[in-house]
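Asks: Please see the structure below; I have some questions.
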Amino acid sequence: MAGYTWTHKCKLVPSDGVDEVIAIASAFTDLEGPSRTKVDVRHEQETRTDINHIKHQDHFGFRYRLTVRFEILDLTDHANLVQIMNAFADEHTQVFWSLDDGETYYEVNVLDAPSPRPIRNVTAVGATFDLKMETAELIDEMVAIPAW
């Protein structure tokens, strides 16, 4: 398989304001974006057995889980991460994520708030944050890489 890259964008959509698109590479200048991106696909289905003991699978869709690692060396980059986390906490704002430079956005929910971990166990160097999200809605068909 040939290599691929993801170009992250985050879109914040407040119910009573103007949408804001954050180009992750330019907002997180230390490494020009995340240092790691991990995508997991969950196939959501239910298996049932009928009266004749025949098993049937009911397919509901695919849910994508995304873990994005940021290595933050200055407070400006941290402020951008805080802005995204505060949007998740705001019940009047929807958060959408794109891995294909804004071509396709999926609404995401945060699974785990990123806690700082010192880089190489030295806080003066910087901190690593893992932002874990999953798609809010099920997706009917699997999406090809890199068009997540």
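Asks: Among residues belonging to segment 110-145 that are part of a loop (DSSP other than H, G, I, E, B) and in contact with a strand residue (DSSP E or B) (Cβ under 6 Å, 6 or more places away or on another chain), point out the one that is surrounded by the fewest Cβ atoms within 10 Å (Cβ to Cβ).
Replies: Across segment 110-145, the extreme among qualifying residues is 140.
Asks: Please state which one of 4, 64 is under 13 Å from the mean Cα position of the chain (by Cα) and aromatic (Phe, Trp, Tyr). First the steps, then the outcome.
Replies: On the way: 4 fails: under 13 Å from the mean Cα position of the chain (by Cα).
Every option except 64 fails the conditions.
Asks: Still on this model: Residue 107 versus (1) surrounded by fewer than 16 Cβ atoms within 10 Å (Cβ to Cβ); (2) not in a strand (DSSP E or B): which is the lone unmet condition?
Replies: (2)
Asks: Let me ask something else. Enumerate the pairs (first residue in segment 74-103 and in contact (Cβ under 8 Å) with a residue 60 or more places away in the chain and on the phi > 0 side of the Ramachandran plot; second residue anywhere and among the aromatic types (Phe, Trp, Tyr) and not in a helix (DSSP H, G or I)) with beta-carbon separation below 7 Å, excluding pairs fewer than 6 apart on the same chain, so at least 6 apart or on different chains.
Replies: none
For every residue, the table says whether it meets (1) within 20 Å of residue 86 (Cβ to Cβ); (2) touching a residue at least 40 places away in the same chain (Cβ under 8 Å).
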{"site": "28", "(1), (2)": "yes, yes"}
{"site": "31", "(1), (2)": "no, yes"}
{"site": "41", "(1), (2)": "no, yes"}
{"site": "49", "(1), (2)": "no, no"}
{"site": "53", "(1), (2)": "no, no"}
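No value in this document is a laboratory result; all are computed from the given coordinates. Bear in mind that the values here come from a model prediction, so they are computed numbers and not experimental data. Here Cβ is always computed from backbone atoms with ideal geometry, including for glycine, and neighbour counts include all displayed protein chains.
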